[in-house]
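Please treat every number below as a calculation from the coordinates, not as lab data. Only a predicted model underlies this, so the values are computations on that prediction, with no experimental measurement involved. Positions of Cβ are backbone-derived with ideal geometry, glycine not excepted, and every protein chain shown enters the neighbour counts.
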Amino acid sequence: MSITDIPRHVYWNTAFHFVTRPAPSSVVVVSVDGMPELDTATEARVLEGVRRQMPRQVFVDLRIPYGLDASGDKQLKAIIDSYGTDVAFVARASEANRKDKSAFTFPAREIAGKHPIYVSSWNDNFIHAAVSAPYSVTIGERTYPAFAVALAGLKAVPPGTFYPDFTVDPATIPQVSARTLLQNGYSPGLLTGRTVVITASNGIAPMRYLGHGIKPPVSLDIAGAEGLKRPLNADLSFLPLLLLAVGTVLLTNRMQRRAAKNMAYVALTMILVFLPISVRFLGLVVHPDVAMTFMSIYGAIRLWQRRTRRIQQTSTSGLPNFLALSSHPIEVGRDVIVAVVGRYEEILATLPRDLHGECANQIARRLSVGSGAGQIFHGDGGHFAWAEEARPLDVQLSHLEGLRALFSAPLQIGTHTFDTNIHFGLDRNEGLDALTRVNSALASANEALSNGRPVEVFEAHRLAEAPWELSLHARIDEGLRNGDIWLAFQPQWDYRTGRISGAEALIRWNHPTRGYIAPDAFILQAERAGRIDALTYWVLEEAITAAQAVNALGSRFQMSINLSGQMVDKPDLVENFREIVTRRGIDPGLLTIEITETSGMNNRGDAVRNMSRLRDLGFRLSIDDFGTGEASLAYLADLPSDELKIDRRFVSRLLSSDRDRAIITSTIGLAHALGQAVVAEGIEDEATFHLLAALGCDHAQGYYLSKPQPFDVMFRDYQARLMRHSRAV
């Protein structure tokens, strides 16, 4: 893998995700997935059903178990012979351009006879996404044309490589079920005059289809055929765009006007972004990755040069910058203080540029007078720093409060008057290096500003915790790899059927050195670190595995997973969920998504649309912790839910509080009036369990029934319950 492989993949994957067109209607995929047993007799019936539809041509893309059933073999051979020249076979390779015949799945010679055989073999990139394919593959002394060549109707097979048209949306490829076809579930003429590919996804390794994730290989063959229909089919490599980028850099270096340089770089960026996907419609492949990498390196060098010049100078105000403060040891017995002025950038935006320095100097003078510091250091974004004599903490905090009072009078900058809002960060950790102390005070000042507090003190214990919080990304990945992060399952009782009918999947973390970490302690950190998406999709995959295992026992078993409020409005949420359940082959109706308010949703409109689409796909939706925080009537009014979960704080007081009993009774009545089920969580005793049944609650969950358990424990208990129930019946 080279340094440009990643940007190349990212570019094409993104481009083909947004630039799409429908698949041709002339090719129809007949899928035998779902057939009870795929033997030669079944395949013969499928081929006979397809033949009655009078297709133009049929390609058999199946693993044919010849030799196991003589009667079925005879039927299949007869049906294939009845097609005459209108049937051909497809052999697939497990790796690209393999010369070894064992890498391909060929039909038996007795079945294939003299009918053509085409191969499907793909060249992939570093993450196994298909990018191109050979026109033909030579195995031994025989050369087999590519399947896409046959689909495209090419008579001559040239040497070399061709490139698929990934603008074809694989979701729009016409597809019918062989089972339904045999049951006459489709109107006559559905396949008449069309090219039909009879295939199965079982036993065939799926591949990544640029822009659309993992798809069956037949989708690539259809995209390859569409690419072969383009006027041209050639790879011009990266060289044209790289030469253009180098030429642009050389040209702009001679320009004097910054505006002209910026326009040249904007024009180059537009060309690098849009030209490759545009010429792809002609069949030309031009890769922008090397040019983009070159421009990124060149831009980074220019930014580094600009930063270096800036570091070597003082700030625009003429005051020394923070580097000057942190480059020398800070004396023992002195605190480091950073002040931040709220809305400082807005103040500068209001002022003429020549008054920016005056604004900073006026603030610095007030700070110098109030603090007694001989030198105030100026940073970006309205930050000012200095070191002064350490005092007892209560005295120092009182001193900083008095310093804030100096800013009660507005700033007068030229003809402009500004009110100021100032906050302080305080570092008292003597013995640490100057840079660490300045950064600590800076972080505290920003925290004080965001929290609306006058002063934040950077305590020593925060330095000890900082490496943990800042490396959470890697630690979560490590925990997922080695099993420290795992799923516990807490069963849910169905009052109507009198049995365990589902479970909630709950994430747990047993760290090798920190021990058990409560979910609330790391989920919030995962949201801040941008890892909540990865955790959620991991939970979904693991919960599906568990749901499939339990449902295989016979009785319907519902699996619930939690979805952070931070994810519900993301544009790729629905497609990711759709892809996972499709790939795993599970009924979405067996999965309940519990919407939590851990971080709160950012865009309620997008969230509601996403939840509606998930529900349309078949997922059940549950409003978790109903009655607390955001999870209230606002959720109930906006979100298309199927279930409410009454928060444990109400359930825990059901026996002792008339008010809580009334709230729960009303909630159950409201939910039932809206056609929704009710789950009560946090049930810890028998009396509460039975009272909830009397109030009409639908489902129960809590320690009274079971604590969250590892899957194998939960599975054994559930299996034993089923056996006892069957014996009782």
Residue among PHE238, PHE294, LEU284 farthest towards the positive dipole end of the stretch 235-311, charges placed on Cβ: PHE294
Projected label distance in nm at ASP394 and LYS229, using a 7 Å step from Cα toward the beta-carbon: 8.4
Estimated inter-spin distance, ASP638 and ARG508, nm [label 7 Å along Cα→Cβ]: 3.4
Ordering of 71-81, 265-275 by burial proxy (mean other Cβ atoms within 10 Å per residue, highest first): 71-81, 265-275
Per-pair calculated FRET efficiency, R0 = 51 Å: GLU141 and SER278 via Cβ, rounded to 0.05: 0.75
Shape of the stretch 1-142, Cα gyration tensor, a/c cut at 1.5: prolate
Burial ranking of peptide ranges 538-545, 57-64, 438-445, 393-400 (average Cβ count within 10 Å, highest at the top): 438-445, 57-64, 538-545, 393-400
Residue exposure sequence - LEU553, LEU244 - by fewest surrounding Cβ within 10 Å: LEU553, LEU244
13 Å tail of the calculated P(r), the stretch 505-559, as % of Cα pairs: 67
Zero-based 10 Å bins, Cα pair distances in the stretch 471-728, whole percents: 7, 30, 37, 22, 4, 0
Enclosed volume per residue, in Å³, of the convex hull spanned by Cα atoms of the stretch 169-217: 95
Chain lengthening between ASN253 and ASP81 when straightened (0.36 nm per residue, less Cα-Cα): 54.8 nm
Potential lengthening between ALA70 and ARG56 on full extension [0.36 nm per residue; Cα-Cα distance subtracted]: 2.1 nm
Ordering of 512-518, 430-436, 287-293 by packing [mean C-beta count within 10 Å, highest first]: 287-293, 430-436, 512-518
Degrees separating the helix 258-279 axis from the principal Cα axis of the chain, which is the longest one: 20
Calculated log₁₀ intensity ratio I(q)/I(0) where the Debye formula runs over C-alpha points of the stretch 227-271, q = 0.13, 0.18, 0.32 Å⁻¹: -0.42, -0.61, -1.11
Computed helical MRE - 222 nm, the chain, DSSP H runs ≥ 4 contributing -39500 (n - 2.57), nearest 500: -13500 deg cm²/dmol
Sorted by Cβ density within 10 Å, fewest first, the residues PHE16, PHE689: PHE689, PHE16
Computed FRET value (nearest 0.05) for ASN421 with TYR265, which takes r as the C-beta separation and R₀ as 45 Å: 0.75
Contour minus Cα-Cα distance for GLN412 and THR582 (0.36 nm per residue): 54.7 nm
Cα long-axis angle, helix 217-228 against the chain (0 to 90 degrees, to the nearest 10): 90
In range of the label at ALA41: residues from the stretch 63-85 whose backbone nitrogen is under 14 Å from the point 7 Å along Cα→Cβ: 67-76
Surface/4 estimate of mean projected area, convex hull on alpha-carbon atoms of the stretch 322-459, nm²: 7.8
Distant-in-sequence amide H partners of ASN562 (H built 1.01 Å from N, under 5 Å): GLU594
Orientation-averaged projected area, Cα convex hull of the stretch 23-229 (nm²): 11.1
Value of Rg/Rh across the stretch 255-402 [Cα atoms, Kirkwood radius]: 1.20
Relative contact order for the chain, counting Cα pairs under 8 Å that sit 6 or more residues apart, in percent: 8
The stretch 235-311: Rg to Rh, with Rh as the Kirkwood radius over Cα pairs: 1.05
0 to 90° range, to nearest 10: angle between helix 434-451 axis and the chain longest Cα axis: 80
Dipole in debye (nearest 20) - the stretch 322-459, about Cα centre, beta carbon charges: Lys, Arg +1; Asp, Glu -1: 260
R0 of 51 Å, Cβ-Cβ distance SER2-ASP717: FRET efficiency to nearest 0.05: 0.45
Histogram of C-alpha separations across the chain, 20 Å bin width, %: 13, 31, 35, 17, 3, 0
